[in-house]
1. For the list (1) of a type outside the set (S, T, N, Q); (2) over 25 Å from residue 65 (Cα atoms); (3) modelled with pLDDT under 90; (4) assigned to a helix (DSSP H, G or I), I need the number of the one condition that residue 142 fails.
2. Report, by residue number, each residue of the stretch 80-110 that is in contact with a Gly (Cβ under 7 Å, 6 or more places away or on another chain) and either in a loop (DSSP other than H, G, I, E, B) or small (Gly, Ala, Ser) (or both).
3. Could you go through the stretch 211-219 and let me know if any residue there is of a type in the set (A, V, I, L, M), under 21 Å from residue 108 (Cβ atoms) and surrounded by fewer than 17 Cβ atoms within 10 Å (Cβ to Cβ).
4. On the basis of being open to solvent by 70 Å² or more (accessible area, probe 1.4 Å), out of contact with any Ser or Thr (no Cβ under 9 Å at 6 or more places or on another chain) and more than 17 Å from residue 102 (Cα to Cα), does residue 130 make the cut?
5. Taking the stretch 66-117, which residues are crowded, with 17+ Cβ neighbours inside 10 Å and charged (D, E, K, R)?
6. For residues that are aliphatic (A, V, I, L, M) and more than 24 Å from residue 202 (Cβ to Cβ), scanning just the stretch 61-92, find the one that is modelled with the lowest pLDDT.
7. What number of residues within the stretch 134-162 satisfy the criterion of being open to solvent by less than 60 Å² (accessible area, probe 1.4 Å), under 36 Å from the mean Cα position of the chain (by Cα) and not aromatic (Phe, Trp, Tyr)?
8. Any idea which residue in the stretch 175-210 is surrounded by the most Cβ atoms within 10 Å (Cβ to Cβ), counting only those that are among the aromatic types (Phe, Trp, Tyr) and in contact with a Leu (Cβ under 6 Å, 6 or more places away or on another chain)?
Amino acid sequence: RRVLTYTPGNPEPFRVEFGNIGRHYLQWRYTQQPALPVLPVVPIYPVAPTYSTVPAVPIAPPAPSVMGYDAIFTNAVAAMAGRNSSAISLGAAAGSTYLDTIAIEPFENGWMLYLLNTNKIYVLSRAGVQLSVYPNTFVENGLNPVVPGPRSGTYIPVRGFGAVWQNGVVQQILGYATAPERGYTASVQAFARGFLVDDPADSLVFALNTQSNLWDGATR
């Protein structure tokens with residue numbers, strides 16, 4: 001920076017002069033001292049970001065948390081794992097697939113399943129995929145009547161399913177049956193936290209997680 005001074009007593013053209021300020025004043029006033037060195041101006045640039053040249057390792061999707069399931073369930077387990085179903089967190093297999101006597105009945109809002117090996121009835125609600133388990137208290141009497149429901153195409157469940165359905169909460173959750181119950185022989189595999197159950201007639205596989213009370217189903 002500089003400054004201009006006006007001195008009217010000076011002869012022309014020296015009445016307007018540059019004044020000495022800063023370093024110039026220091027050199028003019030104190031000539032016996034060496035002038036201060038002029039330091040170079042170093043431009044400051046933003047530091048360029050560094051990028052790793054190592055290619056990123058792709059993260060594999062989590063493996064289904066069903067260990068040791070038999071090949072008959074492969075497609076269904078893969079489908080449920082693909083939608084991150086919590087129901088298939090079944091843990092390690094407790095053995096190989098075995099044949100069991102099954103009864104199944106579809107309802108307006110879910111299913112009921114009966115497994116002879118456990119002698120329990122599993123209520124599968126579509127709302128929140130909740131699973132409820134009830135002991136089978138029905139005593140077989142050789143009768144299997146078909147009882148129509150209040151609307152066309154609906155039925156009132158009978159036998160063991162009917163006994164569980166009498167629970168008002170179960171009625172409210174499932175609604176009426178949409179077909180009579182059907183018995184069949186199915187492939188079942190037990191796990192630490194539940195079962196995989198095959199239904200070849202409807203090409204479905206059910207995952208019953210009895211620890212977290214969740215279920216899911218997929219095409220076999």
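The values are calculated or read from the model by the stated rules, or taken from the named source; none is laboratory data. The structure displayed is predicted, hence computed values, not measured ones. Note that each Cβ is placed from the backbone with ideal geometry, even for glycine, and that neighbours are counted across all protein chains shown. The area values use the complete protein model at the heavy-atom level, side chains included, leaving out ligands, DNA and RNA. Shrake-Rupley method; radii C 1.70, N 1.55, O 1.52, S 1.80 Å.
1. Status for residue 142: all satisfied but (4).
2. If the condition is that a residue be in contact with a Gly (Cβ under 7 Å, 6 or more places away or on another chain) and either in a loop (DSSP other than H, G, I, E, B) or small (Gly, Ala, Ser) (or both), then 90, 92, 93, 103, 108, 109 are the ones that fit.
3. The answer is no; no qualifying residue exists.
4. Criteria met by residue 130.
5. 100, 105
6. In this case the residue turns out to be 63.
7. Count: 5.
8. The selected residue is 191.
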